Amino acid sequence: MLLGPAILAGRKWQEATARMEFGTRSIRSAGQGSGSVEVTLPPAFRGLAGLPCRVALRDGLRPELVLQPELAGARAAFGHLWALLSDALDLGAQAVPLAECAITLWPAAEAPGAMPRLAWADGLALAGRPPHEAAALARSLAALAQIAAGRRGIGAALSQDFGAACAQALGGIVIHPAMQSACDIGAALLAAGGLGQDPVLALAAGDARGDAFRDAALPRLRLLAEQHLDWTDDPARHASLLVAWRRGVALELSGA
């Protein structure tokens, strides 16, 4: 698979070009008289093996070979999660808001920021055959749920917490240590409502596009949304839960 120094990443109604340098590689013949050529890519691109790509030449003083991955499957996977969130939060039919996300090829390691983050690699993982990777599901769901929170009326101060709680509830993953409190509080809320993590949910989450996953996801998303809306109206209640959570962590660490 041939990849030039420019990677074109698609967004909602436009194309954004990201340029990253990966050193120098040589174009080699794949066999005498075959007409085929190949380039050895860095290990980071192994995850794109087998993905259809559009190859183009940018001519001029500094010609570039450009590879544009076919990301329709990833877009469809994000759209499926957005439709699930829209149904759970009564948002109506809306286009998946990719333009409102910071989209990268690979998942980011840092803590979530103000702008939700999606990774094409996660979308491709969810577009493949099940079982689907729990971390890819959790990261994608967290980003899209953060946007859905704002459209539903959940306060900006709680939108990241809502996204992280949804990710943990359906994917079983804490997307970043900074979101541990949101995940623990959300898990306690679901457990109190009889919707905690159980083998049925874990089995359903293996196929993020299946009916079993949808049936398990909807009541959990609705309960989390209702509670975050309540906390938006009464932030003092949420603040007291955070204080209690921190106190509990401190006691656990002290061994008391």
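Of the residues making up region 20-62, those that are open to solvent by 80 Å² or more (accessible area, probe 1.4 Å), modelled with pLDDT of 85 or more and farther than 18 Å from Leu105 by Cβ are Leu57, Arg58, Asp59, Leu61, Arg62. When Pro97, Pro112, Pro131 are checked against the criterion of being in contact with a helix residue (DSSP H, G or I) (Cβ under 8 Å, 6 or more places away or on another chain) and under 19 Å from Ile173 (Cβ atoms), Pro112 stands alone in meeting it.
Evaluated against (1) closer than 19 Å to Gly150 by Cβ; (2) part of a helix (DSSP H, G or I); (3) open to solvent by less than 70 Å² (accessible area, probe 1.4 Å), Ile185 falls short on exactly one condition, (1). Across region 210-240, the qualifying residues are those that are small (Gly, Ala, Ser) and part of a helix (DSSP H, G or I), and the one among them that is farthest from Pro130 (Cα to Cα) is Ala236. The residues in region 164-182 that are in contact (Cβ under 8 Å) with a residue 24 or more places away in the chain, open to solvent by less than 30 Å² (accessible area, probe 1.4 Å) and either touching a strand residue (DSSP E or B) at 6+ places or on another chain (Cβ under 6 Å) or not polar (S, T, N, Q) (or both) can be counted, and the count is 8. Regarding Ile175, is this residue in a loop (DSSP other than H, G, I, E, B) and under 12 Å from the mean Cα position of the chain (by Cα)? Yes; evaluated as a whole, the condition is true for this residue.
Of note, Gly92 does not satisfy the criterion of being on the phi > 0 side of the Ramachandran plot, modelled with pLDDT under 85 and not aromatic (Phe, Trp, Tyr). Residues that are outside any helix (DSSP H, G or I), under 14 Å from the mean Cα position of the chain (by Cα), among the charged types (D, E, K, R) and modelled with pLDDT under 95: does region 127-137 have at least one? Looking through region 127-137, at least one residue is outside any helix (DSSP H, G or I), under 14 Å from the mean Cα position of the chain (by Cα), among the charged types (D, E, K, R) and modelled with pLDDT under 95.
The values are calculated or read from the model by the stated rules, or taken from the named source; none is laboratory data. As the structure is a computational prediction, the values presented were derived from the model and not from experiment. As a convention, Cβ positions derive from the backbone with ideal geometry for all residues, glycine included, and neighbour counts pool all protein chains shown. Heavy atoms of the whole protein, side chains included, go into the accessibility calculation; ligands, DNA and RNA do not. Shrake-Rupley method; radii C 1.70, N 1.55, O 1.52, S 1.80 Å.
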